[in-house]
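In what follows, a structure is listed as structure tokens, so that the remarks can point back to it.
The values are calculated or read from the model by the stated rules, or taken from the named source; none is laboratory data. Keep in mind that what you see is a predicted model, and the values were worked out from it rather than measured. All Cβ positions, even for glycine, are placed from backbone atoms using ideal geometry, and neighbour counts span all protein chains on display. Surface accessibility is based on the protein's heavy atoms, side chains included, excluding ligands, DNA and RNA. Shrake-Rupley method; radii C 1.70, N 1.55, O 1.52, S 1.80 Å.
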Amino acid sequence: ERTADAIEQRVSALGTGADRGSEGAGEVVQNAAKRFIASSGKQTGALYTRAENLSKGVKINPQQAIAEVDAQIADLSQAANTNAPLIKYMDELKADLVNGGMSVGALRQMRTAMRGQISARNLTMTDAERRVKMVLDSASNDIAQGLPPKAQQAYAKADTAYRERMAYIDDVLKKFIGPRNANISAEQAFSRLQNATKAKGGDARRLGEMMRALTPEERGDIASTFAEQLGRTRTGD
């Protein structure tokens with residue numbers, strides 16, 4: 001009884017919020033992830049808009065991007081029949097790149113449409129996305145080198161924010177919300193957060209990165225939900 005009482009007291013001391021249960025806590029995590037995606041998208045968009053305004057009328061000949069798309073098509077052509085749908089998409093991408101030069105706005109539109117195009121064409125998301133990203137990253141380098149100084153600085157800031165945002169989404173948030181069009185349940189999200197805390201086989205880095213997306217109040221609720229489960233058997237004793 002003394003041990004049980006000590007556990008209960010320690011749970012109360014550790015918990016700074018409300019015990020939401022596995023499903024509720026998982027929803028907290030997933031909502032925080034989706035909130036970050038929405039808010040960071042707006043912030044990055046504002047940075048790109050500023051770069052666009054400073055570079056109005058400037059069109060860049062995307063030589064690096066064209067060379068990259070040609071390299072990707074050559075590689076895919078080694079299995080031309082199997083890769084025919086992706087080769088077709090790459091050909092269309094190249095046509096857009098050479099059509100009157102590339103602007104900041106055009107690259108932004110292509111990036112926004114990329115995942116939708118890959119999904120709509122029933123292409124393998126991982127491979128197609130990797131290849132298209134390589135092309136668009138090359139186009140980004142072309143643009144960065146061809147803009148006037150002020151526009152170049154604004155674009156560099158926007159592009160850095162974009163890359164950091166995408167890295168955080170792909171490396172951390174997707175672990176707790178699941179891949180595009182295949183989201184995991186709230187219970188699964190909380191289970192993954194729990195597994196990340198384990199001394200063996202855990203993932204302290206992603207745990208910390210995910211917790212960074214939560215508000216102090218949400219972190220308190222997650223702490224309390226963890227704490228409520230400490231010292232209990234599966235039957236709740």
Next item on the list: Tell me, yes or no, whether the range 53-72 has at least one residue that is buried (at least 20 other Cβ atoms within 10 Å of the Cβ) and charged (D, E, K, R).
Entry: yes
Check: Residues of the range 73-85 being among the β-branched types (V, I, T) and either open to solvent by less than 70 Å² (accessible area, probe 1.4 Å) or in a helix (DSSP H, G or I) (or both), which ones?
Finding: I73
Notebook entry, point to check: Out of (1) surrounded by fewer than 19 Cβ atoms within 10 Å (Cβ to Cβ); (2) part of a helix (DSSP H, G or I); (3) at pLDDT below 90, the odd one out for E92 is which?
Noted result: (3)
Next item on the list: Scan the range 159-199 for residues that are within 20 Å of T112 (Cα to Cα), surrounded by fewer than 15 Cβ atoms within 10 Å (Cβ to Cβ) and small (G, A, S) and jot them down.
Entry: A167, A182
Checklist line | Residue ID - nearest to the chain's Cα centre (by Cα), chosen from residues in the range 137-156 that are surrounded by fewer than 19 Cβ atoms within 10 Å (Cβ to Cβ) and aliphatic (A, V, I, L, M) | finding: A156
Next item on the list: Would you mention how many residues in the range 95-116 are in contact (Cβ under 8 Å) with a residue 40 or more places away in the chain, open to solvent by less than 60 Å² (accessible area, probe 1.4 Å) and in a helix (DSSP H, G or I)?
Entry: 5
Note to self: Tell me whether the range 23-43 contains one or more residues that are over 21 Å from M125 (Cα atoms), in a helix (DSSP H, G or I) and of a type in the set (F, W, Y).
What the structure shows: yes
